[in-house]
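Worksheet for the structure shown next.
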Amino acid sequence: MVALVTGGAGFIGSHVVDALLERGYSVRVVDDLSTGRVENLTSDGRLEFHRLSILDDAVKSLLEDVEEVYHLAAQINVRYSVEDPVHDLRVNALGTLKLLEAAKDLESFVYASSGGAVYGEPRQLPVPEEHPTDPISPYGASKLAGEKYVQLYHYNYGIKYAILRYANVYGERQDARGEAGVIAIFLERLLAGKPLIIYGTGEQTRDYVYVGDVVRATLLGRRCSSGVFNIGTGKETSVNALVDIIREVTGREPEVEHAEPRKGEVFRIYLDVTHAREELGFTPEVSLREGIARVWEWFRSR
Ligand code: NAD
């Protein structure tokens, strides 16, 4: 089997690549290294790396013998999407559309979407897939546009798809410079002896899901008979609770500073994951405590 992974040099994508290689796939990675790193890629004879934008016409020729596409390449920075919404739209929506155009004869298309961004301010918790989609950032709008094109190509050309709306993913290889990864940021700052900065009261909540669980869900997505799935834990954790867990797991006492709450962020969100459990057979296995312990070890060993 040959799979193409866009964004395969990134945080989640590189773990998807590893999982595919473990299952005996040959894997072709397309990544422009805008945030990804070649160091994230394992050296393996069955792995081909192409430093290329998904907007480049050359991607089409890389799809010739591919059976499955995992589309994770994206502009993922919410604040940057506000500063340059046109670039964000080009990569996330036009990039997805160009890939679909090149892949319309394929069997399976897995699209990494964002549960934190496409719903907007939750009207009910946990948030089910049927919840209205009212993004409050250009990033949310462009990821949602990508979803719509995926579904359109299913309707017009019969591509089987899984749209996976990931919650807040954390794990090894997450870039602490990225704004989405509060766990990576906190652990890196703790290791460097710097204070942890909490925006607002710290009572805001998120659904933190370990990257290994997300990868399992992503591979389960390739065999489904098309649909939209929340991928998270179904549990909410406040930033203050996160700091408590970090204190327990690391045995260190973090210094905490408070700053003004950030605009454009929802206050509480966690995802209803019933659909993924029933249709994909997905249940998250790694507790937040265990996951944080693994990431802490990873940061310390670097
Ligand atoms: P990441 O930044 O580590 O990975 C994105 C990858 O895409 C990077 O390797 C980057 O170099 C590559 N890329 C960006 N623009 C590209 C382009 N034009 N052409 C080719 N490659 C390009 O981020 P991540 O956290 O691993 O995110 C992966 C996917 O998961 C994204 O689609 C993101 O929207 C989605 N997602 C992530 C989270 C999270 O919590 N990390 C949550 C919800 C959804």
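Translational diffusion of the chain, estimated by Stokes-Einstein from the Kirkwood radius over alpha carbon pairs at 10 °C in a medium of 1.306 mPa s, is 82 µm² per second. For the chain, adding -39500 (n - 2.57) for each run of n ≥ 4 DSSP H residues and dividing by the number of residues yields -10000 deg cm²/dmol at 222 nm. Comparing 214, 145, 156 along the charge dipole axis of the chain, the residue lying farthest to the positive side is 214, per the Cβ-charge model. Applying the criteria of a DSSP loop state and at most 11 other Cβ atoms within 10 Å to the trypsin sites (Lys or Arg not before Pro) of segment 170-206 yields 177.
Under 14 Å from the Cβ of residue 246, count the other residues' Cβ atoms, weight Lys and Arg +1, Asp and Glu -1, and hand me the total.
Numbers: positive: 189, 194, 247, 252, 289, 294, 300; negative: 188, 244, 248, 253, 255, 290, 297.
Net local charge, residue 246 excluded: 0.
Compute the angle between helix 239-250 and the longest alpha-carbon principal axis of the chain, please, reported from 0 to 90 degrees and rounded to the nearest 10. Value to nearest ten degrees: 80. Shown here for segment 90-190: GluC sites (Glu not before Pro) in loop regions (DSSP other than H, G, I, E, B) with at most 11 other Cβ atoms within 10 Å, namely 130.
With a Förster radius of 22 Å applied to the C-beta separation of residue 285 and residue 23, the computed FRET efficiency comes to 0.80.
With charges set only on the Cβ (+1 for Lys and Arg, -1 for Asp and Glu), what does the dipole of the chain come to about its Cα centre, in debye to the nearest 20? Please report the intermediate quantities before stating the final value.
Numbers: 34 positive and 45 negative charges, 35 e Å.
Computed about the Cα centre, the dipole is about 160 debye.
Taking every lysine pair in the chain that is 8 or more places apart or spans two chains, those with Cα atoms closer than 20 Å amount to 12. Secondary structure note: in the chain, about 5% of the DSSP beta bridges are antiparallel.
Over all alpha-carbon pairs in segment 1-159, figure out the percentage whose distance exceeds 27 Å. So the pairs more than 27 Å apart make up 23 percent of the total in segment 1-159. Residues whose amide H lies under 5 Å from that of residue 205, counting only those 5 or more places away or on a different chain, are 268, 269; hydrogens are built 1.01 Å from N in the peptide plane.
Every number in this text was worked out from the coordinates using simple rules, so none of it is lab data. Just so it is clear, the model here is predicted, and its values are computed rather than measured. In this analysis, Cβ positions are derived from the backbone assuming ideal geometry, glycine residues included, and neighbour counts consider all displayed protein chains.
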